[in-house]
1. For the range 24-39, how many residues meet the condition of being in a loop (DSSP other than H, G, I, E, B), open to solvent by less than 50 Å² (accessible area, probe 1.4 Å) and modelled with pLDDT of 95 or more?
2. Do we find that Gly277 is surrounded by fewer than 24 Cβ atoms within 10 Å (Cβ to Cβ), among the small types (Gly, Ala, Ser) and touching a Pro at 6+ places or on another chain (Cβ under 7 Å) in this structure?
3. Would you point out the residue of the range 40-58, among those that are acidic (Asp, Glu) and either closer than 14 Å to Arg133 by Cα or not in a loop (DSSP other than H, G, I, E, B) (or both), that is farthest from the chain's Cα centre (by Cα)?
4. Can you tell me which residues in the range 228-254 are touching a Phe, Trp or Tyr at 6+ places or on another chain (Cβ under 8 Å) and open to solvent by 20 Å² or more (accessible area, probe 1.4 Å)?
5. Pull up the range 175-184, narrow it to residues that are modelled with pLDDT of 95 or more and in a loop (DSSP other than H, G, I, E, B), then point me to the one that is surrounded by the most Cβ atoms within 10 Å (Cβ to Cβ).
6. Kindly indicate whether any position in the range 158-174 is β-branched (Val, Ile, Thr), surrounded by fewer than 24 Cβ atoms within 10 Å (Cβ to Cβ) and out of contact with any strand residue (DSSP E or B) (no Cβ under 8 Å at 6 or more places or on another chain).
7. Are any residues in the range 99-129 more than 8 Å from the chain's Cα centre (by Cα) and part of a helix (DSSP H, G or I), and if so, which ones?
Amino acid sequence: MVVPLLAAACLFPPASAPAQAPALQTAPVDPLVEAAWLLDHIGDDDVVVLHMERRSGRFEQEHIAGARPLRFDEIAWAGEEGWIAQFRDRDEIVAALRRAGVGRDSRVVIYGASMTATARTWVTFDLLGLGDRAFVLDGGMTAWKAAGGAVENGPAAAVEPGDVVAAEPADFRVSADWIHARLGDESLVLLDARPDDEYTGEDGGLGDGGRPGHIPGAAQLYWEELMDPDNNTRFLPRDEVARVLERHGAGAGKTHVVYCMIGMRASVDYMAARMTGLDVYFYDGSWRDWGDRVDLPTEMGRDPRNGWR
């Protein structure tokens with residue numbers, strides 16, 4: 001059984017009701033850091049490098065020298081069937097970050113083998129109100145090695161626990177009901193970060209009983225459109241990111257909501273919207289929530305805005 005969006009006790013408090021818009025963190029942020037900067041500052045006392053570990057054992061195989069592992073299941077709850085990625089309780093997340101040595105004044109650099117998990121980690125920091133103190137290593141391990149950065153293997157070294165605390169966060173999550181109440185509003189821009197077969201419904205709903213298709217009116221902004229074609233852990237230049245968003249209907253004065261299947265790929269779209277200063281909300285339950293609710297409308301077929309290659 002799929003647990004309804006934000007219904008489990010281990011998560012943040014429920015998103016706002018349909019009649020009230022959640023608060024937003026609308027000031028543009030700069031969530032990326034270059035390998036050259038990290039190379040110059042990795043020895044600074046306040047810099048903490050987190051290796052996002054989604055698959056066990058990758059940290060031990062190879063990691064940036066001095067990096068600290070952060071397991072994905074420490075910040076996200078996988079659900080009863082292991083097919084969800086909802087935010088854990090705020091205190092659980094803070095405790096995991098403290099175990100990794102993150103302090104109140106730390107500047108955190110995040111990287112990992114999976115760009116979607118890395119982006120999701122940054123979104124988690126943003127939900128804690130710490131998005132201005134966390135950064136994704138643009139280009140990931142590939143860029144780090146190209147810059148001459150040192151790598152090592154083996155288990156993580158012991159670190160002194162940190163004392164990080166959540167700031168006054170803006171809860172930018174929305175529920176299915178919040179979205180449903182606004183369908184047809186011309187100012188609402190839904191951005192679906194999934195690939196062609198999932199968006200169109202040609203995947204048959206992933207064959208596990210979920211309904212196929214997408215939220216009516218949603219634009220398909222597959223997350224890899226925002227990335228360097230030669231390195232999908234590196235974002236396109238900022239002006240190109242803005243053009244991609246605009247091509248999919250995004251823009252100033254509009255209300256944007258990102259979603260995908262479980263909220264992983266949508267994290268990349270969310271970062272893109274944040275770095276370009278757009279008002280953006282995050283649908284954590286995504287299609288696993290919407291598609292399993294027979295009371296909600298669905299739509300199938302291609303997105304005409306994409307020109308369908």
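The values are calculated or read from the model by the stated rules, or taken from the named source; none is laboratory data. Quick caveat: nothing in here was measured; it's all calculated off a predicted structure. Cβ placement follows ideal geometry from the backbone for every residue including glycine, while neighbour counts extend to all protein chains displayed. Quick note on the areas: whole protein, heavy atoms, side chains included, nothing else; ligands and nucleic acids left out. Shrake-Rupley method; radii C 1.70, N 1.55, O 1.52, S 1.80 Å.
1. Within the range 24-39, residues that are in a loop (DSSP other than H, G, I, E, B), open to solvent by less than 50 Å² (accessible area, probe 1.4 Å) and modelled with pLDDT of 95 or more number 1.
2. Numbers: surrounded by fewer than 24 Cβ atoms within 10 Å (Cβ to Cβ): yes; among the small types (Gly, Ala, Ser): yes; touching a Pro at 6+ places or on another chain (Cβ under 7 Å): yes.
It is true that Gly277 is surrounded by fewer than 24 Cβ atoms within 10 Å (Cβ to Cβ), among the small types (Gly, Ala, Ser) and touching a Pro at 6+ places or on another chain (Cβ under 7 Å).
3. Filtering the range 40-58 for residues acidic (Asp, Glu) gives 40, 44-46, 53.
Okay, now just the ones that are also either closer than 14 Å to Arg133 by Cα or not in a loop (DSSP other than H, G, I, E, B) (or both), so 40, 46, 53.
Details: Asp40: 27, Asp46: 24, Glu53: 15 Å.
Restricting to residues being acidic (Asp, Glu) and either closer than 14 Å to Arg133 by Cα or not in a loop (DSSP other than H, G, I, E, B) (or both), the top hit is Asp40.
4. Restricting attention to the range 228-254, the residues satisfying the condition of being touching a Phe, Trp or Tyr at 6+ places or on another chain (Cβ under 8 Å) are 228, 233, 241.
If the condition is that a residue be touching a Phe, Trp or Tyr at 6+ places or on another chain (Cβ under 8 Å) and open to solvent by 20 Å² or more (accessible area, probe 1.4 Å), then Asp228 is the only one that fits.
5. Narrowing the range 175-184 to residues modelled with pLDDT of 95 or more: 175-183.
Still in the list and also in a loop (DSSP other than H, G, I, E, B): 175, 181-183.
Details: Ser175: 22, Ala181: 13, Arg182: 16, Leu183: 14.
So the residue we want is Ser175.
6. yes
7. The first filter runs over the range 99-129 and keeps only residues more than 8 Å from the chain's Cα centre (by Cα), leaving 99-115, 125-129.
Listed by number, the residues that qualify are Arg99, Met115, Phe125, Asp126, Leu127.
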